[in-house]
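For reference, the structure is listed below as structure tokens.
The values are calculated or read from the model by the stated rules, or taken from the named source; none is laboratory data. Worth saying up front: this structure is predicted, and the values here are computed from it rather than measured. For neighbour counting, all protein chains shown are included, and Cβ atoms are generated from backbone atoms with ideal geometry for every residue, glycine included. Quick note on the areas: whole protein, heavy atoms, side chains included, nothing else; ligands and nucleic acids left out. Shrake-Rupley method; radii C 1.70, N 1.55, O 1.52, S 1.80 Å.
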Amino acid sequence: MALNLDWLKKEKHSDKKAIRSDSMDFNASLPYDLLKWQYTIENKNYRLFNNRYKNDAIARRIVAKPAEDATRNGFRLVIPDNPEKQDKYQDALDKLRLGDALTKQLIYQRLHGDGYITFGIEETENSDADLQKPVNNNCIRDVTFVHAFGQTHISKSIYNDDPTDKNYQKEESIRIRPTNSAFDYDKNGNPIFKPKKTKDIIIDKSRYFHISLDKLEDDPAGTSVLTRCAEQLKAMNIAIETAGKILREYSIKVFNYSDLQDINDDKFNKLVNAFSEAMNTESVAVIGPNDKLTKLSTPTNGIDTLLDFVWQSLSAACNIPKSVLTGEQAGSLAGASQDVINYYDTVKATQETMLKPEIEYIVRLLMYASDVGDGSEDPDSFEWHVEFNPLWSPDDKTQSDTLLNHANAASTLVGAGIYDADEARQMLDGQGNNAIQGMQNTTKKDSSDEPTPEQIKQYLDDIKRVNHGKKA
């Protein structure tokens, strides 16, 4: 493309200029906000944590990925001897959306270092409903909500710091300081600020859950995974910035202009715009007649090794395999490498040690509740347990083989006289395999199979008639 630059000669200027048209100049003195990435993250600065989580895709990945994996396939309550009761309590759990709250709690744990869940308990009228007092299991009417939150508004955590006590490091309560102010609106819809005094809220340990990340003995709060991975995230952002520069400068054009020293700012900007329109995907350097531009190229044949090192360093810091971080591993364990298998084992351990006790506690509250299921009952009076659905989905052949093995086992137990047919069916309903779970809907009696009141009455009349005939 030919450029007509005669207009540049109409105005003179004494300053010499040079320009890069790629807008990728790096100035180390600029604050990180202008560079769009951070050098370091100060621990306990929750506002920065939140901003980084929202705006940095890689930071969000290392925070949210384990939390989403631990809860993505859900969980279920199993009551082997009473599938009908199982369904009632499972429906109550589903209405609470406990899975979503558990996901957010794990995200807060990794983002802030601490994650919390509080649950609303509707108590009977004769109870002393006070958040500072322990829950009275005999006065529970219903569990109305579960909410997850982070460390932002926690002003104090009261816990036992006596290492000789059996409750060492166990929390007694937390103090929350709300900061939301009230607003009203005038007739034109404009908001009117109405400051209100907020009181601290103290919650007893029986009314909330709390999990921490890397919290040691004297730490007031846990450690954010973003703090742990600060250097690795900085290296990752430098790698992205550097790769962008290399791609931008992969092909560079040099324009030697004889009148560069006699051009003013306006004409110089017009020159830049002209080159941008003509070569908008290439770097252009404009120099004077006596200037010399030498490009010292960095060999790119080893850059893949450097990028792999950055990824491996980040993977080691956040304890997530590179293949999982980059999305190469979709979640199936078929043919997976050992590091991916170890990662899913870690996720499974998180489910068992952190999430399962919380789910079981909520289930117990629902069983004590008078307005849930068939009324209040003792959770220890019958058999039940909570299990997580598999982290990966087997193929159809694997599910068929598993279903066949369970069916053969049930048939053997019935044939040996250990179980009858109904007990074997209940055993299959209580199995944790995906293929068996699909049978539950088919093994339950349909409402159309139940006899109607008229049929029951007719059946009783027939029995009376037969017995009367025998007496005659």
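How many of the residues making up the range 141-165 are within 25 Å of residue 362 (Cβ to Cβ) and not in a strand (DSSP E or B)?
Filtering the range 141-165 down to residues within 25 Å of residue 362 (Cβ to Cβ) leaves 141-154, 157-160.
Now narrow it down to the ones that are not in a strand (DSSP E or B): 150-153, 160.
Number satisfying all stated conditions: 5.
Step by step: first the residues of the range 46-59, then only those that are over 13 Å from residue 224 (Cβ atoms) and without any contact (Cβ under 8 Å) to a residue 60 or more places away in the chain, then the one that is most open to solvent (accessible area, probe 1.4 Å). Which residue is that?
The residue in question is 54.
Would you confirm whether any residue within the range 386-404 is at pLDDT 90 or above, under 30 Å from residue 124 (Cα atoms) and open to solvent by 40 Å² or more (accessible area, probe 1.4 Å)? Steps first, answer last, please.
Filtering the range 386-404 for residues at pLDDT 90 or above gives 386-388.
In the following step, the residues that additionally are under 30 Å from residue 124 (Cα atoms) were identified as 386.
Among the residues that remain, those that are also open to solvent by 40 Å² or more (accessible area, probe 1.4 Å) are: none.
Among the residues of the range 386-404, not one is at pLDDT 90 or above, under 30 Å from residue 124 (Cα atoms) and open to solvent by 40 Å² or more (accessible area, probe 1.4 Å), which makes the answer no.
Could you identify the single residue in 374, 339 that is open to solvent by 20 Å² or more (accessible area, probe 1.4 Å) and in contact with a Ser or Thr (Cβ under 8 Å, 6 or more places away or on another chain)? Quick ask: steps written out before the conclusion?
Working: 374 fails: in contact with a Ser or Thr (Cβ under 8 Å, 6 or more places away or on another chain).
Sole residue among the options that is open to solvent by 20 Å² or more (accessible area, probe 1.4 Å) and in contact with a Ser or Thr (Cβ under 8 Å, 6 or more places away or on another chain): 339.
Give the residue, chosen from 152, 164, 144, 118, that is open to solvent by less than 70 Å² (accessible area, probe 1.4 Å) and either in contact with a Phe, Trp or Tyr (Cβ under 8 Å, 6 or more places away or on another chain) or over 30 Å from residue 45 (Cβ atoms) (or both).
On the way: 152 fails: open to solvent by less than 70 Å² (accessible area, probe 1.4 Å); 164 fails: open to solvent by less than 70 Å² (accessible area, probe 1.4 Å); 144 fails: open to solvent by less than 70 Å² (accessible area, probe 1.4 Å).
The conditions single out 118.
Given the conditions (1) on the phi > 0 side of the Ramachandran plot; (2) open to solvent by 10 Å² or more (accessible area, probe 1.4 Å), which single one is not true for residue 113?
Answer for residue 113: the failing condition is (2).
Hey, any hits in the range 290-298 for a residue that's modelled with pLDDT of 90 or more, among the aliphatic types (A, V, I, L, M) and out of contact with any helix residue (DSSP H, G or I) (no Cβ under 7 Å at 6 or more places or on another chain)?
no
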